[in-house]
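Accompanying notes for the structure given below.
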Amino acid sequence: MSGVMALAEVGVPLAAVGGGVAFARVKAPALYWSAIGLPITATRFSATYSSIMDACGLTVAPSSFRIAITRATTRREIRPVPPRIRRVRPTTTGLTVRLRLAPGQEPADLVASTERLRHAWGVHSVHVAVIKPGVVELRMTGYDVLRKVRMPRGSVAGELAVPVALREDGTAFVRDYRAVPHALTLGTTLSGKSMYLRNLIAELARTDVALVGIDCKRGVEQAPFASRMTALATNPEMASDLLDKLVELMEDRYDLIRSHQNIPSAVSSEEITSDVWGLPAKLRPVPIILVVDEVAELFMAATRKDEERRDRMVTQLIRLAQLGRGAHIYVEACGQRFGAEFGKGATMLRAQLTGRVVHRVNDKATAEMGLGDVSPNAVLAATQIPPNLPGVAVAGDSSGGWSRIRAPHLTLAKAATICRANAHLTPVIDQLERFRPYVPPMVAVPPKPTSPPRFAASPVTE
């Protein structure tokens with residue numbers, strides 16, 4: 001009887017510990033991974049690496065020299081050679097392994113086996129990143145990092161590069177305007193597109209750039225960020241005038257480059273190959289980020305007069321996308337959908353927007369317009385985004401690479417507060433001064449008067 005009672009006394013704490021572990025695995029996956037998942041995965045990886053690589057066909061026959069040395073020094077069986085492990089580094093979200101590929105192997109061999117490696121080592125996902133020729137990195141994640149986004153610490157990118165979302169391999173998705181100057185962001189209602197733009201504007205607000213917005217929905221999306229915006233157009237008429245001024249500003253900046261480099265004025269702007277990065281820092285103009293919310297509104301026309309304005313706006317927007325990078329002007333076009341039925345200039349504009357971020361969309365045609373020239377697999381991944389995960393998107397570029405990302409949750413009030421806190425960084429550009437949005441002064445709310453106690457003590461009288 002005493003033995004049964006002792007077992008019961010031991011079993012209750014074990015059950016409590018098991019329940020706590022199961023609860024942590026679901027509710028606190030980062031804590032579970034750091035305490036339990038990482039040691040188990042690291043041990044499993046070191047014990048089974050060679051055999052799993054051999055089972056997945058990721059080994060090669062050893063060289064003749066290695067065979068001769070092995071036979072001369074040991075009696076071991078000569079086995080195929082897997083990629084050599086250079087470094088194993090644990091992270092807060094997974095495990096990173098750097099490998100030196102064996103002779104005759106290529107990164108595509110590992111990419112084709114990522115699903116088998118994921119099951120063999122019991123991790124959530126395995127991604128392959130090429131570091132340099134012959135060296136790749138296996139990035140394993142122990143849990144679904146996109147379920148609850150936490151940006152990695154120290155993810156500050158650099159000049160004209162800001163982290164805005166988290167990749168599914170646990171690294172930060174960085175919007176680098178020097179590498180990818182223009183981008184197209186698509187997503188239907190409640191897909192998380194506005195959250196992505198909110199994070200992008202909040203991160204850009206902390207840098208030395210000029211934010212210019214076009215929001216033809218009367219400014220309801222971008223008006224909260226007006227304190228940090230150099231210019232804002234809230235209807236098609238203002239948008240047309242603003243685009244004209246931006247094109248004039250672009251031409252003035254090319255004239256500045258021409259005068260600094262002694263280029264004859266007879267040479268047109270389209271034939272100048274240099275950009276503002278060739279100018280000294282004191283002469284370099286401030287970068288301009290043009291954010292177009294709901295780009296489809298620029299293509300809409302109800303009357304002939306609207307058609308003329310639409311054609312002009314689209315032409316100016318295409319010119320900015322074609323020539324703006326050299327003048328420090330970058331375009332972020334956003335919308336619920338994008339298609340050739342928008343009219344003349346739609347596909348030409350899309351061809352200039354190198355970066356692509358596609359959230360959940362209502363039709364496959366929009367996903368193909370956004371990612372069809374990136375990768376067929378990217379289109380398939382975009383059409384499989386579930387509605388219960390708003391903010392998940394597929395990001396790609398013209399190089400053919402793509403990945404799933406998700407922006408962290410950021411409230412509109414917090415994003416507006418960040419813009420107000422960095423309002424002193426808003427540059428003044430004379431050509432755009434008449435488009436500068438009006439920001440009403442902050443009114444201090446007086447504190448509420450404290451009410452006296454309900455049962456106040458009676459004054460003492462003599």
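Quick notes on this one:
- Checked against the criterion of being at pLDDT 85 or above, under 23 Å from Asp397 (Cα atoms) and among the polar types (S, T, N, Q), the candidates Thr114, Thr91 yield just one match: Thr114.
- Output for region 138-164, where each listed residue is in a strand (DSSP E or B), within 28 Å of Ile36 (Cβ to Cβ) and open to solvent by less than 10 Å² (accessible area, probe 1.4 Å): Leu138, Met140, Thr141
- Within region 222-264, being closer than 20 Å to Thr426 by Cα and not hydrophobic (A, V, I, L, M, F, W, C) holds for Gln222, Pro224, Ser227, Arg228, Thr230, Thr234, Lys245, Arg253.
- Within region 373-390, the set of residues being open to solvent by 40 Å² or more (accessible area, probe 1.4 Å) and either out of contact with any Leu (no Cβ under 7 Å at 6 or more places or on another chain) or farther than 22 Å from Val149 by Cβ (or both) comprises Asp373, Pro376, Asn377, Leu380, Thr383, Gln384, Pro386, Pro387, Asn388.
For every residue, the table says whether it meets (1) modelled with pLDDT under 90; (2) open to solvent by 40 Å² or more (accessible area, probe 1.4 Å); (3) touching a strand residue (DSSP E or B) at 6+ places or on another chain (Cβ under 8 Å).
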position	(1), (2), (3)
Arg25	yes, yes, no
Thr41	no, no, yes
Phe45	no, no, yes
Ser51	no, yes, no
Pro80	yes, yes, yes
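- Looking only at region 429-447, and only at residues there that are open to solvent by 100 Å² or more (accessible area, probe 1.4 Å) and of a type in the set (Val, Ile, Thr), the one that is modelled with the highest pLDDT: Val443
- Test: Ile69 is open to solvent by less than 70 Å² (accessible area, probe 1.4 Å), of a type in the set (Val, Ile, Thr) and modelled with pLDDT under 90: no
- Options Gly134, Gly122; residue that is in contact (Cβ under 8 Å) with a residue 60 or more places away in the chain, on the phi > 0 side of the Ramachandran plot and surrounded by fewer than 21 Cβ atoms within 10 Å (Cβ to Cβ): Gly122
- Selection status of Thr450, assigned to a loop (DSSP other than H, G, I, E, B) and either open to solvent by 100 Å² or more (accessible area, probe 1.4 Å) or modelled with pLDDT of 65 or more (or both): yes
- Selection within region 167-194 - outside any strand (DSSP E or B), within 15 Å of Val149 (Cα to Cα) and not acidic (Asp, Glu): Gly170, Thr171, Gly192
- For beta carbons closer than 8 Å, sequence separation of 6+ or different chains, a first residue in region 172-190 that is free of Cβ contacts under 8 Å to residues at least 40 places away in the same chain and under 16 Å from Trp277 (Cβ atoms) and a second that is among the aliphatic types (A, V, I, L, M) and part of a loop (DSSP other than H, G, I, E, B), the qualifying pairs are Asp176/Ala157; Asp176/Leu160; Arg178/Leu160.
- Count of region 84-119 residues which are touching a strand residue (DSSP E or B) at 6+ places or on another chain (Cβ under 8 Å), part of a loop (DSSP other than H, G, I, E, B) and either more than 24 Å from Leu166 (Cβ to Cβ) or free of Cβ contacts under 8 Å to residues at least 12 places away in the same chain (or both): 5
The values are calculated or read from the model by the stated rules, or taken from the named source; none is laboratory data. Quantities reported herein were computed from a predicted structural model and do not represent experimental measurements. All Cβ positions, even for glycine, are placed from backbone atoms using ideal geometry, and neighbour counts span all protein chains on display. With ligands, DNA and RNA removed, areas are computed over all heavy atoms of the protein, side chains included. Shrake-Rupley method; radii C 1.70, N 1.55, O 1.52, S 1.80 Å.
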